[in-house]
Amino acid sequence: MPLLTDLSAEDDWIEPDDVPRPLVTYGFASETFGDFELEMHHHAKSQLLLVQRGALSCEVESGLWIVPPRSAIWIPGGSVHAIKVTGAVEGYGAFFAGGLDVGLPTSCCAVAVTPLLRELLIRAANFPLLYEEAGANSRLVSVLFDELASARVEDLHLPVPADPRLRQILDAMLEAPSNRDTVESWASRAGLSERTLLRLIRRETGMSFGRWRQQMGIVLAVKWMAGGMTIQQVAAGLGYESVPSFVTMFRKALGASPGRYMAERYVAKDAATSAR
């Protein structure tokens, strides 16, 4: 399977829905330090997007996911989604035939990728398009399915509300994430009472307003750090008065400090690259 070095080119692309195999895997890479976006689309097959370097974001109707290195996003078949890449990125996209139960949720989710799962995806990307369905390749695919079933789901998801007034608030927050205005101020800007805003946020996202805004900060922080920003720059960009307060929030949310969280992903990726 060719490595797609230009994500916007269609010359090497064969629609995976048209390939009669339980698994179709592409490698992809872009050295373009600019924005690239795939507009809303869907596949009949379910999709796993693994990021090796850089970061990408994926939006579906119900939310926004950020995918850092050593992580992947699971997109069930039929899910309408858009993908955005900022800067250089490389990874693998695997497509799974309908009817397969790989043990992941029926809705989009971010998953941590083990070294074994990563290596299996790399091997699968080198299969012939119509690989033999009996033999070594088929056995490797079975192992890949088993490893995927044990993947740990990560909390890198920001629920996106359907209410246009709440979406207006989210768009404003994403445009100026350092803005630390009060709930009352955000409600006034959207033409809502504070009580109505809090009720709508809880109903549409399952979170309090404060928790929702914090989750936005987490997904942006991971995206920015994957793009090369320092912890100090991220803390300032999110409007924190001090780096320690940002680090404390991040550690409580993801179980590790920002530096350790990202180092674990890059160290694992560099070790895998050096081994080949």
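The values are calculated or read from the model by the stated rules, or taken from the named source; none is laboratory data. None of these values were measured; they are calculated from a predicted model. Here the Cβ positions follow ideal geometry from the backbone for every residue, glycine too, while neighbour counts run over all protein chains shown.
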Evaluate the stretch 166-182: report whether one residue or more is out of contact with any Gly (no Cβ under 6 Å at 6 or more places or on another chain), of a type in the set (Asp, Glu) and over 23 Å from Leu238 (Cβ atoms). no
Taking first residues from the stretch 238-266 that are touching a residue at least 40 places away in the same chain (Cβ under 8 Å) and second residues anywhere that are loosely packed, with under 15 Cβ neighbours inside 10 Å and in a loop (DSSP other than H, G, I, E, B), the pairs with Cβ under 6 Å that are 6 or more apart or on different chains are Gly239/Ser178; Gly239/Arg180
Determine whether Arg180 is out of contact with any helix residue (DSSP H, G or I) (no Cβ under 6 Å at 6 or more places or on another chain) and not assigned by TED's automatic domain parsing to the domain that holds Asp101. yes
Anything in the stretch 147-170 that is at pLDDT 90 or above and loosely packed, with under 13 Cβ neighbours inside 10 Å? List them, or say none. Pro164
Of the listed residues (Ala72, Ala110, Ala94, Ala44), the one being in contact with an Asp or Glu (Cβ under 6 Å, 6 or more places away or on another chain), surrounded by 20 or more Cβ atoms within 10 Å (Cβ to Cβ) and of a type in the set (A, V, I, L, M, F, W, C) is Ala110
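A quick yes/no check of all residues on (1) modelled with pLDDT of 85 or more; (2) touching a helix residue (DSSP H, G or I) at 6+ places or on another chain (Cβ under 7 Å):
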| site | (1), (2) |
| --- | --- |
| Ala72 | yes, no |
| Gly87 | no, no |
| Tyr92 | yes, yes |
| Val113 | yes, no |
| Phe127 | yes, yes |
| Leu130 | yes, no |
| Arg139 | yes, no |
| Ser142 | yes, no |
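Which one of these is under 16 Å from Pro68 (Cα atoms) and loosely packed, with under 15 Cβ neighbours inside 10 Å: Gly191, Gly217, Gly259, Gly206?
On the way: Gly191 fails: under 16 Å from Pro68 (Cα atoms); Gly217 fails: loosely packed, with under 15 Cβ neighbours inside 10 Å; Gly206 fails: under 16 Å from Pro68 (Cα atoms).
Selected residue: Gly259, the only one of Gly191, Gly217, Gly259, Gly206 that is under 16 Å from Pro68 (Cα atoms) and loosely packed, with under 15 Cβ neighbours inside 10 Å.
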Take the residues in the stretch 175-188 that are among the aliphatic types (A, V, I, L, M) and touching a Leu at 6+ places or on another chain (Cβ under 8 Å), then tell me which one is surrounded by the fewest Cβ atoms within 10 Å (Cβ to Cβ). Val183
For the stretch 130-144, the count of residues that are surrounded by 12 or more Cβ atoms within 10 Å (Cβ to Cβ) and either in contact (Cβ under 8 Å) with a residue 60 or more places away in the chain or not in a helix (DSSP H, G or I) (or both) equals 3
For the stretch 222-236, name all the residues that are modelled with pLDDT under 95, of a type in the set (Gly, Ala, Ser) and closer than 16 Å to Met249 by Cα. none
Flag if Glu15 is surrounded by fewer than 20 Cβ atoms within 10 Å (Cβ to Cβ), in contact with a strand residue (DSSP E or B) (Cβ under 7 Å, 6 or more places away or on another chain) and modelled with pLDDT of 85 or more: no
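If I go through the stretch 75-93 residue by residue, how many of them are in contact with a strand residue (DSSP E or B) (Cβ under 8 Å, 6 or more places away or on another chain) and without any contact (Cβ under 8 Å) to a residue 60 or more places away in the chain?
First, pick out the residues of the stretch 75-93 that are in contact with a strand residue (DSSP E or B) (Cβ under 8 Å, 6 or more places away or on another chain): 75-77, 79-86, 88-93.
Next, from what is left, pick out any that are without any contact (Cβ under 8 Å) to a residue 60 or more places away in the chain: 75-77, 79-84, 88.
Residues flagged as in contact with a strand residue (DSSP E or B) (Cβ under 8 Å, 6 or more places away or on another chain) and without any contact (Cβ under 8 Å) to a residue 60 or more places away in the chain within the stretch 75-93 amount to 10.
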Confirm whether Gly78 is on the phi > 0 side of the Ramachandran plot and loosely packed, with under 15 Cβ neighbours inside 10 Å. yes
For the stretch 48-102, please list each of the strands (runs of 3 or more DSSP E) lying entirely inside it that holds at least 3 residues being closer than 22 Å to Leu254 by Cβ. 56-60, 63-67, 71-75
